[in-house]
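Read the structure below first, then the notes.
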Amino acid sequence: MRLFDTAYLRLTGWYVLIIMTISLIFSVWVYNQAQHELQVGFDRIVQIGPFGDVSTVRAAADDRLDDSRHRLVVRLVSFNLIVLAVGAVASYWLAQRTMKPIEDAVDAQHRFTADASHELRTPLAAMKAEIEVGLRDKNITKQEVVELLQSNLEEVNRMGSLAEGLLALTQTDNSPVLVPVSLEDVTTKVAKRLQPLAEAKKITIKRQLQSVVVSAEELAVDKIISILLDNAIKYSPDKTEITIKTYQKDGHGYLEVVDQGIGIKATELPHIFDRFYRADTSRTKTQVPGHGLGLSIAQKLAENLNAKLSVTSTPAKGSTFTLQLKTDTK
Ligand code: ADP
């Protein structure tokens, strides 16, 4: 039996126990009250008389009283059986509703662990195979050993960045303290930091920055812009242009990263924010380094800031990633 099925049953059991305890206490109270009222009522009838011989009237009244008690007990037992049946069904439904968010969280955790192990297995298997082949080769030259170690080091670095990404994904602060942040300043800082990467591909980063103050957390905004700009550089051919814009509209601050890169197919767009998803694997996976974690981290950070991250893209023309944040109204 699955862990959660047992938990549902246990929780249902507890709910039923609580409902039945209340129902039984209520029934006992009703029984005592009713019996008391009946007794008082019949005593008064007997006293008021005269209906004939007092002992005959008393006997008839006691018979009637027993009859009423019996009927009351039958009704209270029926009532409790109905409460038990309805309560059990309602409790199971309630238990499922109560446990659903926890079950979803545990499922997500399992998926995360499975995905992460799967991603780590591939570089580990590659390293293992290379080392085994190297160890079996009795005539391996020093040059070949150096090459093997270099290749292993690349895999180790890749695993290091994967581990960092995974850590970033689990460590995003769910309730960050929102303060006024200048979108223009953070964007300028990130653009300067990533300038060398763009220069290496002779890509020009154009800045069209209006001054916008948003309600956010600077580190999170910095991370989101870094991911978007880094992707724009990674997925753009040499000698193209990337434009970063900040502007304000309808009470929101916007950041746009517009590239002239390879673009994303419409069928792939809905998935690019999924963990470990990399669009068109044959095209990008082999050429551009990455683990498919950047956008899921950016998305999670944006969610925590109550911000929206969206994308429009045309294959072979380019993509536009837009971050919409609440402006600071203080
Ligand atoms: P990574 O870049 O490490 O693969 P991301 O989560 O940042 O992971 O991106 C997921 C996928 O979305 C990428 O593999 C790529 O296919 C696509 N993508 C992201 N940004 C762009 C972009 N600016 N242009 C084209 N494709 C992009």
Cα pairs beyond 23 Å in the stretch 189-324, in percent, come to 29
Tilt relative to the chain, helix 294-304 - C-alpha long axis, 0 to 90 degrees, to 10
40
What angle do you read, to the nearest 10 degrees and between 0 and 90, between the alpha-carbon axis of helix 3-48 and the longest principal axis of the chain?
20
Can you give me the orientation-averaged projected area of the convex hull built on the Cα atoms of the stretch 1-150, in nm²?
14.6
Over 18 Å (Cα to Cα) among K189/K239; K249/K308; K245/K265 -> K189/K239; K245/K265
Bin width 20 Å, origin at 0, all Cα-Cα pairs of the chain: what percent of pairs per bin?
21, 33, 20, 13, 10, 3, 0
Between L124 and S151, what is the label-to-label distance in nm when each label sits 7 Å out along the Cα-to-Cβ direction?
2.0
If one compares the long axis through the Cα atoms of helix 142-171 with the longest principal axis of the Cα atoms of the chain, the angle in degrees, nearest 10, works out at 40
What does the highest-first list of 249-261, 307-319 look like by mean Cβ count within 10 Å?
249-261, 307-319
What percent does the relative contact order of the chain come to when contacts are Cα pairs within less than 8 Å and at least six residues apart?
14
For the pair L197/R136, report the inter-label distance in nm, with labels modelled 7 Å from Cα in the Cβ direction.
3.9
Once you place label points 7 Å from the Cα toward the Cβ at I22 and A163, how far apart are they in nm?
5.2
How far is the Cα center of the stretch 141-169 from the Cα center of the stretch 61-125, in Å?
50
Taking r as the C-beta separation of D5 and R111 and R0 as 25 Å, the FRET efficiency to the nearest 0.05 is 0.80
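Rule-based calculations on the coordinates, nothing more; no lab input. Computed from a predicted structure; not experimentally measured. Counting neighbours? That spans all protein chains shown, and the Cβs are built from the backbone with ideal geometry, glycine included.
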